[in-house]
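Have a look at the structure below, then the notes.
The values are calculated or read from the model by the stated rules, or taken from the named source; none is laboratory data. Only a predicted model underlies this, so the values are computations on that prediction, with no experimental measurement involved. Counting neighbours? That spans all protein chains shown, and the Cβs are built from the backbone with ideal geometry, glycine included.
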Amino acid sequence: MNRVVITGIGIYSTIGKNLDEVQDSLYHGKSGIGLDVQRKEFGYRSGLTGVLERPMLKGLLDRRQRVCLPEQGEYAYMATIEALKNAKMDQDYIDKHEVGILYGNDSCSEPVIRAIDIIREKKDTTLVGSGSIFQSMASTVTMNLSVIFKLRGINLTIAGACASGSHAIGLGYLLIKQGLQDTIICGGAQELSIFSMGSFDGLSAFSIRESEPTKASRPFDRDRDGLVPSGGGATVIIESYESAVKRGAPIIAEVIGYGFSSNGDHISVPNVEGPKRALVKSIQDAGVAISEIGYINAHATSTPVGDGNEAQAIGTVFGDYKPYVSSTKSMTGHEMWMAGASEVIYSLLMMQNDFIAPNINLENPDEHSAKLNIPTKAVNKGFDTFLSNSFGFGGTNSSLIIRKFLK
Amino acid sequence: MNKEEIIGKINKFLVEEFEVEESKILPEALLKETLEMDSLDFVDLVVVIESNFGIKVKGEDFVNIKTFQDFYDFIISRVS
């Protein structure tokens, strides 16, 4: 079995458009949430959203590449550029080796809606233009990035709801561990468009604390009233230890455990048992004692039921041992398809820089979160191993365990 | 709209949409080669023609269009 190491990370998010900016935001508990009045006019119950500018890609990508790339693909591209750079992996290396891509993405709303609007109005499908089909497909991110970066390895999109990005890393880890691929660009991307969140808003799942946008996402807090949708792109490059050593790559950390499960239960309401099984499986796969896990990046999205059930699952598995637990969604909002990958990056930045990011807006714990060790201010403390949880609609669960690299 | 205005409008959208240098747009130059167009790009050309002139053209209309002048003549005939 191969050891699987992380050699490159890159991020384009609402709390920073590169690793340095994100690290600063994490340490200082800076929120990326704002109020979008257009959403209210459009009919949303909540106008709260992560705020993120789209990157200017003219000059970086040619016309054909830009025409085919949707919003979340742009974010994924920016994150991947940064990840490749700090992995010291250039195009010449990619051209000579089989590099794969597994990226989480589970919707492409805006291009679909825009295309149908044009067809309805013009009664002519040609007038949709050439890029729409490539922007509209579930596999749009991997389809586009594999062409842009001329990748020749595995090429698949992972659609696993809000655990997509985490499963992408987990499945990549399994492929490399088994020797089927040496290097895989993993990650997650999430659209933020006004067209992408309407039906989710319709479930009354979003916070309506519109008077205080930066306080709206408050995982584990007794007075939480729902999640805040957010998005961006996050790339985690994983490769076999042998490959990393052979090309002299910087090794950031090692992926040592992946646990997955399905609740087999309600389509939207999470439970305790499913996440608990994913947690336990990841710990068994990693072969570590729970006391070695210094930090848990919780999935906690700021919904009453979800946070409470996760707190119970963590409490049951970890018992009297109380590792630090925080939900970076308190700052970012819920990055959904991207979250599993971005939260690995947030945790890696903490591990590399010896701090634990705060769970901002936690003012009054509820009965379950009160039993966890959740910091509300940054803690200057190093740790060697962390666990990252991601759960999604349909009851899909993923837990990853990542450790500082030791030879 | 007279012929010069139509040609000016065509050149403007070709520069903007296909990112070609204006100096390369010459009446006798080959349209497809100069714009480095593949089959997908012709779809976008149909879209910009419709949005600029309000006329719907089809892919097969381009079969006999080789040069920019051919393209200008085709649009002028359709617009008028």
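The table below lists the values:
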read-out	value
Yes/no for residue A:148 being free of Cβ contacts under 8 Å to residues at least 24 places away in the same chain, more than 17 Å from the chain's Cα centre (by Cα), assigned by TED's automatic domain parsing to the domain that holds residue A:39 and surrounded by fewer than 24 Cβ atoms within 10 Å (Cβ to Cβ)	no
Of residues in the range B:35-69 being surrounded by 16 or more Cβ atoms within 10 Å (Cβ to Cβ) and away from chain A (no Cβ under 14 Å), the one nearest to residue B:12 (Cα to Cα)	B:68
Enumerated strands (runs of 3 or more DSSP E) restricted to the range A:252-337, each holding at least 1 residues that are of a type in the set (Gly, Ala, Ser)	A:253-262, A:324-326
Which numbered condition residue A:57 fails, given (1) crowded, with 19+ Cβ neighbours inside 10 Å; (2) free of Cβ contacts under 8 Å to residues at least 24 places away in the same chain	(1)
Only listed residue being assigned by TED's automatic domain parsing to the domain that holds residue A:334 and surrounded by fewer than 23 Cβ atoms within 10 Å (Cβ to Cβ), chosen from A:261, A:240	A:261
Residue match in the range A:194-212 (condition: part of a strand (DSSP E or B), surrounded by fewer than 24 Cβ atoms within 10 Å (Cβ to Cβ) and more than 17 Å from the chain's Cα centre (by Cα))	no
Residue ID - farthest from the chain's Cα centre (by Cα), chosen from residues in the range B:1-33 that are within 14 Å of chain A (Cβ to nearest Cβ) and among the β-branched types (Val, Ile, Thr)	B:20
Residue that is of a type outside the set (Gly, Ala, Ser), within 29 Å of residue A:200 (Cβ to Cβ), modelled with pLDDT of 95 or more and surrounded by fewer than 17 Cβ atoms within 10 Å (Cβ to Cβ), where the choices are A:364, A:309	A:364
Which listed residue, of A:341, A:370, is on the phi < 0 side of the Ramachandran plot and crowded, with 23+ Cβ neighbours inside 10 Å	A:341
Among the residues listed as A:93, A:75, A:173, the single one being surrounded by 22 or more Cβ atoms within 10 Å (Cβ to Cβ), at pLDDT 95 or above, closer than 20 Å to residue A:60 by Cβ and of a type outside the set (Lys, Arg)	A:75
Residue ranges of helices (runs of 4 or more DSSP H) in the range A:52-147 with at least 2 members within 14 Å of chain B (Cβ to nearest Cβ)	A:63-68, A:109-122, A:132-136
Of the criteria (1) in contact with a strand residue (DSSP E or B) (Cβ under 6 Å, 6 or more places away or on another chain); (2) more than 25 Å from residue A:27 (Cβ to Cβ); (3) of a type outside the set (Ser, Thr, Tyr), which one residue A:322 fails	(2)
Qualifying residue in the range A:342-360 (condition: assigned to a helix (DSSP H, G or I), among the β-branched types (Val, Ile, Thr) and more than 17 Å from residue A:158 (Cα to Cα))	yes
